[in-house]
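> Take this structure first; my questions come after.
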Amino acid sequence: MTETQQCRITDQQWADAALIWDYHQMKHELRPCDAAIGLGSHDFGVPTYAAELFHANLFTTLVFTGGPNPTHPERFPRGEAAHFTEQAVALGVPANAVLQEPTARNTGQNIQFSRDSLATAGLDVRSVMLISMPYMERRAYATCRRLWPEVEVICASAPMSLDDYVEAIGDDTLVIDNLVGDLQRVIEYPRLGFAIEQDVPVRVRDAYGRLLDGGFDSRLLR
């Protein structure tokens, strides 16, 4: 972390953020799947890592899903799916290996609409790899298990530490806000019918509470 970050965020808050960062990652063993879904986001690390996994022969069909990004609409003027596809193709993924789903506005729609796209393409998908931002793995998993329960789900994200991710994004507070916001969704979405229940250890809930008390709440559901 930088000197500026250390002045803004306490050691306890960094420790709490690191604990939640670790919790969000499913730590699945990567293995070949029938298809992969690159979930829309503000992070170009998703299509970059998706291209790496494609070249590792872990799947032959890749769906990029997502419309305009709600956080950074100026970054993806033609929608997340289009820009992510361009990034993957620039990294050597054949264009005919990619399906674009350009309308999804949330994770549930990412899953549902990608499933429909794969079915329309005539693909029998029994296992799917969800490629996301590192802190989105658990929420993506829980959402997919609710909406597509019959498919085997493998979660993947670019392997990196919290410090490295903060450096790549360039905004320490936003990253921690997103960690907290995704954990709120992991906790709250099951009762809303959006995801399956996930065990949240007491130490993770305690870290979440301290970060909320510290004002890391810009990405919360209101």
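> How much length, in nm to one decimal, is gained on full extension between Asp116 and Ser161, taken as 0.36 nm per residue of separation minus their Cα-Cα distance? Provide the component values of the computation, followed by the final result.
Working: separation 45, 0.36 × 45 = 16.20 nm, distance 3.40 nm.
Value of the extension gain: 12.8 nm.
> Moving on to the next point. Short version: ³J(HN,Hα) in whole Hz for each residue of the range 180-197, in order, from phi by Karplus 6.51 cos²θ - 1.76 cosθ + 1.60 (θ = phi - 60°), x for Gly and Pro, what are they?
Calculated HN-Hα couplings, in order: 5, x, 5, 5, 4, 5, 4, 6, 8, 5, x, 5, 8, x, 8, 7, 7, 5 Hz.
> May I ask you to give the percent of accessible area on the range 47-201 that is carbon plus sulfur, with a probe radius of 1.4 Å?
49
> Here's a follow-up. For the chain, report the accessible area per residue in Å² (1.4 Å probe, heavy atoms, rounded to an integer). Could the numbers behind the result be given before it?
On the way: 10310 Å² over 222 residues.
Computed with neighbouring chains in place, this is 46 Å² per residue.
> Let me ask something else. Could you grab the relative contact order for the range 68-222? Cα pairs under 8 Å, six or more apart, rounded to a whole percent.
For the range 68-222, the relative contact order is 18 percent.
> Multiplying the sequence separation of Ile169 and Ala15 by 0.36 nm and subtracting their Cα-Cα distance, what value in nm do you get? Could you put the intermediate results ahead of the total?
Numbers: separation 154, 0.36 × 154 = 55.44 nm, distance 1.88 nm.
Extending this stretch completely gives an extra 53.6 nm.
> Return the distance in nm (one decimal) between the two label points of a simple spin-label model at Glu74 and Ala95, each offset 7 Å from Cα along Cα→Cβ.
Label-label distance for Glu74 and Ala95, simple model: 3.0 nm.
> Sequence gap at least 6, Cα distance under 8 Å: using those rules, report the relative contact order of the range 1-111 to the nearest whole percent.
Once divided by the residue count of the range 1-111, the mean separation gives 25 percent.
> Moving on. Calculate the all-directions average of the projected area of the chain's alpha-carbon convex hull, and give it in nm². Kindly include the intermediate steps, with their values, before the conclusion.
Working: hull surface 47.5 nm².
The directionally averaged projection comes out at 11.9 nm².
> Roughly how many debye, to the nearest 20, is the charge dipole of the chain about its Cα centre, given +1 on each Lys and Arg Cβ, -1 on each Asp and Glu Cβ, and no other charges?
660
> Students often get this wrong: which residues of the range 180-222 have the backbone nitrogen under 16 Å from the point 7 angstrom along Cα-to-C-beta of Asp22?
200-208
> According to a simple spin-label model (label point 7 Å from Cα along Cα-to-Cβ), what is the distance in nm between Ser218 and Thr60?
4.5
> Compute the longest continuous run of the chain that contains no exposed GluC sites (Glu not before Pro); treat a site as exposed when its DSSP state is not H, G, I, E or B and it has at most 12 other Cβ atoms within 10 Å.
The segment 75-149 is the longest one with no such site.
The values are calculated or read from the model by the stated rules, or taken from the named source; none is laboratory data. It should be emphasised that the depicted structure is a prediction, and the values quoted were computed from it without experimental measurement. Cβ atoms come from the backbone with ideal geometry, glycine included; neighbour counts cover every protein chain shown. Note: accessible area is taken over every heavy atom of the protein model, side chains too, but ligands, DNA and RNA are not part of it. Shrake-Rupley method; radii C 1.70, N 1.55, O 1.52, S 1.80 Å.
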